[in-house]
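The block underneath contains the structure these notes are about, expressed in structure tokens.
Where a number appears in this text, it was derived from the coordinates with a stated rule and is not lab data. Bear in mind the structure is a predicted one, so any value in this text is a computation, not a measurement. Using ideal geometry, Cβ is built from the backbone for each residue, glycine included, and neighbour counts are taken over all protein chains shown.
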Amino acid sequence: MKPGLLQFARLAGRAARRAGVGGGTSLPGLIVERSEPALIQRLAAGLGQGVVLVSGTNGKTTTCRILADLLTAAGLHVVHNRTGSNLMRGIAAALVNTPQGELGPNAIGLFEVDEATLPEAVARLSPRLVVLLNLFRDQLDRYGEVDAIVGRWRAIIATLPVQSSLALNADDPMVAGLGSAASGTTVYFGVNDPSAGQPELEHAADFVECLACGTPYDYTVTYFGHLGHYRCPTCGWQRPPLDVECTTVRSSGLAGSQVTVQADGATVEAGIPLPGLYNVYNLLGALAALRALQLPLGGLAGTLHTLQPVFGRADRVQVGDKAIVTLLTKNPVGANQVLRALAAEPGQKALLLALNDGVADGQDVSWIWDVDYELLRGQIARVITSGRRAADMALRLKHAHWFEGDEAPSLEALPDLQHALQTSLYQLLPGQTLYVLPTYTAMLYLRDIMTRLDMTRPYWQEALR
Amino acid sequence: MTTLRIGHLYPRHMNLYGDRGNVVCLVNRCRWRGISVTVEAIGLGDAIDPDGYDLIFVGGGPDREQGRVADDLLSLKADALRAAVERQVVLLAVCGGYQLLGRYYRPGDGADLPGLGLLDLYTEHPGHRVHRCIGNLTATWNGATLVGFENHGGRTHLGAAATPLATVAQGWGNNGVDHTEGATQGTVYGTYLHGSFLPKNPAFADHLLAQALAHAGAAPGLLTPLDDSIELRALATAVRLAGEQQSTGFLSWKI
């Protein structure tokens, strides 16, 4: 190792944060990755409990947050890329920023990994466990089609040694099918509560056909996207039996869900303060990871009850007598889940939708036409669209009939997000809540604005709590 | 009263980039004017009635579906679609659907896929070592500007019978070489533009609706002016962003 590289990288990150250059969260990682990439493997070797990688289109950050809380409650020291910086440099930064003394027999690495980065992360970190949540169409201009990602995942999973295990979402046929490529143990998780399903697949569902024979699946239950209970009518390949099974889901809208989970003959009743069925899957992914790591599932309920939402994932910020709830919407399936949770809330809503087209958002904003914004028609008191594509968003809502009818709000597109946020808050009555639906870069920008306006703490402080 | 009948070809298999927004737009632009409209999904295995529609739309799909859809088009739908087009039914195809209306599609690897030949053009994929054509595109059509987002590997070359739909101002277009975007031949239209395409290009949407309404036997004058201010704002934004993209260089991307 070059003398002092580690210290230099840490100092650079701290200096960047102090200078207010973004969070500076992945800068130390970038420095190490550029100057001595092998350092990552050496640091990771200090994680006595090994490395867990979590990937998938939706839910990585939340699943990692839940799992980190559970692992901490189990007495482990978790090294974690908490800020959601999920390329190699973000993982490197998490390792670099961990004081040397905290690595040791009790330390476990928990890293969320971008879908496209997963093969490199697996090759370089030799994970003990890989958790795969789901694969939906997302940022086609960046990732390419879903099939291409599945192919790359399959190839890298085939290289895992028999000691490495997998936790797979059994309800996503693309993910569940990867189990056949693994030589080690696979833990399958899923939902067995047809009452949580929908009558048919949504527009946003990717077309999925049998991996073995190419026939379109038959579904007896569809949850969201292409998730559900599926079976191939030709060759009979079907959803694998569940090791971690959610038997009942009772949703309380944005307030969260009450779930019953069975695993290893034990039954866990838990309330999670995170909305929607998508967060139930995030919980199940974390529980499946726990089981794959052979840690006990008992005594979870208390930990789960105190879960705090990650910024942008239905977290609530109080601003005087008004509240802001931020709901990240970055792809059709995730956006539909958010809209469903919102539609279940009573009353007319005030909304701010911020659509950006940065590289991290996907430069192609066509995806909003696959989102069922029609679900909220007639429930909107006020709405402002914002971001670089504010007009595109307003146009989509116009076609979803949000501005038709006597009680309908008027169309307002304010590209400047701070202006849009302040206008939205100003229009809000005391006691009311503003729901903000930003894309990824709009969410980061929103966080900056809210920090500047003293509404919330900077996210890197939270990361270093 | 006239009812405009829209056929949506392969809505499950060919809807990769929100192309269903085109159908949403056509339907709403009719309803906002009090014109009655129906939409029928035409899927794999379904036969087409050449007299059943005034306008048929097909979107883009994943590479995996291209072969299956091409087989279904040729074996079950080719004759009916040809007959419909001869009777002036409007056909709009985007991206993957556009490629299938040509004479053939040559993938980066594997055998040629024969197309319907409703547009005199062919498409060849240069292989996955060569960049895809990705980014915001602006083009000139009849003196107006069309905007959208393109994302395609194949390069399309037009024959003599097909006319370029528009001239590229920013972006790649059909092949990145001859500055053409899309093609038209009679009442058949093809384009690489997603976005969705029609909502942000209301003049072009109405251009298609005018022909489809004529096919439906409607009296002229049904296409009354609409308030397109947000449409034109979205269009202007796309033009501005395409300009910024040009100055910073295209995103180059390989599978």
query = Mind ordering A:235-242, B:78-85, A:99-106, B:187-194 by average Cβ neighbours within 10 Å, highest first?
reply = B:187-194, B:78-85, A:235-242, A:99-106
message = Please list, in order along the range B:59-68, the HN-Hα scalar couplings obtained from phi with the Karplus expression 6.51 cos²θ - 1.76 cosθ + 1.60 (θ = phi - 60°), rounded to whole Hz, x for Gly and Pro.
response = x, x, x, x, 3, 4, 7, 4, x, 5
remark   = Counting only residues 5 or more apart in sequence or on a different chain, those whose built amide H sits under 5 Å from that of B:Arg132 are B:Trp253
note = The long-range amide H neighbours of A:Glu209, using H built 1.01 Å from N in the peptide plane and a cut-off of under 5 Å, are none
Total formal charge among the other residues, if their Cβ is under 12 angstrom from that of A:Leu327, Lys/Arg +1 and Asp/Glu -1 = +3
task = Determine the percent antiparallel among the DSSP beta bridges restricted to the protein assembly as shown, to the nearest 5.
result = 45 percent
key: Cβ-placed point charges (K, R +1; D, E -1), dipole of chain B about Cα centre in debye, nearest 20   = 420 debye
note = For chain A, any Cys whose C-beta has no other cysteine C-beta under 4.7 angstrom counts as unpaired, and these are A:Cys64, A:Cys246
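Taking beta carbons within 10 Å but only from partner chains, what does the mean come to for residues A:360-368?
Numbers: counts 0, 0, 1, 8, 11, 11, 15, 6, 4.
The per-residue average across the peptide is 6.
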Note, ³J(HN,Hα) from phi for the range A:246-263, Karplus 6.51, -1.76, 1.60, rounded to Hz, x at Gly and Pro = 8, 8, 9, 10, 10, 8, 10, x, 5, 6, x, 9, 10, 10, 10, 10, 10, 7
ask   = Roughly how many Å is it from the Cα centre of the range B:49-81 to that of the range A:235-252, as a whole number?
value = 36 Å
ask   = Taking amide hydrogens as modeled 1.01 Å from N in the peptide plane, which residues meet the under 5 Å criterion relative to A:Gly256, leaving out close sequence neighbours?
value = A:Gly276
key: 10 Å Cβ neighbours from other chains, averaged over peptide A:207-213   = 2
Which of B:Ala205, B:Pro126, B:Ile48, positive extreme of dipole for the range B:3-248 (C-beta unit charges) = B:Ala205
ask   = Taking the Cα centre of the range A:37-305 as the origin, how large is its charge dipole in debye, to the nearest 20, when only Lys and Arg (+1) and Asp and Glu (-1) carry charge on their Cβ atoms?
value = 760 debye
inquiry  = Distance cut-off 23 Å, Cα to Cα: go down the list A:Lys322/A:Lys349; A:Lys60/A:Lys330; A:Lys60/A:Lys349; A:Lys322/A:Lys398; A:Lys60/A:Lys322; A:Lys349/B:Lys200 and report the pairs above it.
reply    = A:Lys60/A:Lys349; A:Lys322/A:Lys398; A:Lys60/A:Lys322; A:Lys349/B:Lys200
inquiry  = Restricting to DSSP H runs of at least four residues, report the calculated mean residue ellipticity at 222 nm for chain B, -39500 (n - 2.57) per run over all residues, nearest 500 deg cm²/dmol.
reply    = -8500 deg cm²/dmol
task = Per DSSP H run of n ≥ 4, the term is -39500 (n - 2.57); total these for chain A, divide by its residue number, and report the mean residue ellipticity at 222 nm rounded to 500 deg cm²/dmol.
result = -9500 deg cm²/dmol
note = Once phi for every residue in the range B:33-47 is put through the Karplus expression 6.51 cos²θ - 1.76 cosθ + 1.60 (θ = phi - 60°), the whole-Hz ³J(HN,Hα) values, with Gly and Pro written as x, are 9, x, 8, 6, 8, 10, 10, 10, 7, 10, x, 4, x, 7, 7
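Scanning chain A for helices, which whole DSSP H stretches are 24 Å or more long along the axis (Cα) and average -1.0 or more by Kyte-Doolittle? Numbers along the way, then the final one.
Values: long enough: A:276-292 (25 Å, 0.91).
For chain A, where a helix must reach 24 Å along its axis and average at least -1.0, the hits are A:276-292.
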query = the range B:100-143 to the range A:290-306: how many Å between their Cα centroids?
reply = 52 Å
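Tell me the net charge near B:Phe57. Cut-off is 13 Å between Cβ atoms, B:Phe57 excluded, with +1 for each Lys or Arg and -1 for each Asp or Glu.
Numbers: positive: B:Arg5, B:Arg20; negative: B:Asp19, B:Glu40, B:Asp54.
Combined, the nearby Lys, Arg, Asp and Glu give -1.
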